[in-house]
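Below is one structure; the comments refer to it alone.
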Amino acid sequence: MVSAHKSIGGLEGVTAARGFRADGLACGVKAREGALDLGLVLSDRPATAAGVFTQNRAAAAPVLLCQNHLSDAVATAVVVNSGNANACTGQRGKNDALAMAGAVSARFGMSPTDVLVLSTGVIGVPLPIERVLAGISRIAPSRDEGLTFARAIMTTDTREKVAGATCLVGGVQILIGGAAKGAGMMHPNMATLLSVLTTDASLEPTFLQAALGRAADVSFNLISVDGDTSTNDSLVLLANGASGSPLIDAHHPDAPVFELALREVCVSLARQVVRDG
């Protein structure tokens, strides 16, 4: 049985699943003073991770970094800035994405390759990296700031977008939560969209990647608002196993139940994106 909610146990979005913390703050990337523009999701333990990314040939520096860092299917943190896409910024953009990962790793004690970096906003303008790094030094993730994270990743959005679902795997309750941003420049194959999903399930990496791809195909990859595509589309999922569930692989009898719950979260977020468009 799958139960879908925006709030699970009073917690929303990326902190609904056990063992995840998040935060968002204003670091000065956006022009409007005090506008939230930096978010962080942190797992209390290394997580199995997967991602689905833009098919645009001009993929932004953060996308290239994520694809490289996910080569071992492990991540512990996701850092996101809004207001600047760090796209079409050449070698400087690649260096800035690496600097963001390095700052998170130094602050929270993990390998830089265990940090995923997402960016969204204006294309072709260098990222004000010193402001971002200063923000990373101040950010303080907690279980209570899932909505703050969802608000920090918004650009043209008029409202935050969060979703959650629960299911039973091997008799153990599994929690899945997520946040997304996106309102304009939407077309099949995601387009200007970022989404971070978290779950406390224990998942075999190959199954996780395949399940995430299938969930994207019936949700984010179907939506269209204005026919535009993007350089930064990213959908990432971290599974930290904090529920104590058995390992879920393609052969586990409850694998379809987990996939249904994951799909419910992605479909909910995709519908929220279209409504906001």
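Since every read-out is calculated from the coordinates, none of them should be taken as a lab result. Bear in mind the structure is a predicted one, so any value in this text is a computation, not a measurement. Cβ sites come from the backbone with ideal geometry, for glycine too, and all protein chains shown count toward neighbours.
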Notebook entry, point to check: FRET efficiency for SER137 and LEU168, Cβ-Cβ distance as r, R0 = 45 Å, nearest 0.05?
Noted result: 0.65
Check: Which value, in Å to one decimal place, does the Kirkwood hydrodynamic radius take for segment 56-198 when every pair of different Cα atoms is included?
Finding: 16.1 Å
Checklist line | Volume per residue of the C-alpha convex hull in segment 231-277, rounded to whole Å³ | finding: 110 Å³
Notebook entry, point to check: Can you run phi through the Karplus equation (6.51, -1.76, 1.60; θ = phi - 60°) for segment 20-35 and list ³J(HN,Hα) in whole Hz, with x for Gly and Pro?
Noted result: 10, 10, 7, 6, x, 7, 9, 10, x, 6, 6, 5, 6, 4, x, 6
Notebook entry, point to check: Sequence-distant or interchain residues sharing an amide H contact under 5 Å with VAL74, placed H: which?
Noted result: ALA49
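Looking at the square roots a ≥ b ≥ c of the eigenvalues of the Cα gyration tensor of segment 15-131, which shape do they give, rounded for a/c under 1.5, prolate if a/b is larger than b/c, or oblate?
oblate
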Margin query: With 29 Å as the cut-off, how large is the P(r) tail for the chain, expressed as percent of Cα-Cα pairs?
Written below: 22 percent
Checklist line | Rounded to whole Hz, the Karplus (6.51, -1.76, 1.60) HN-Hα couplings of segment 105-116, x for glycine and proline | finding: 5, 5, 6, 10, x, 8, 6, x, 6, 8, 10, 9
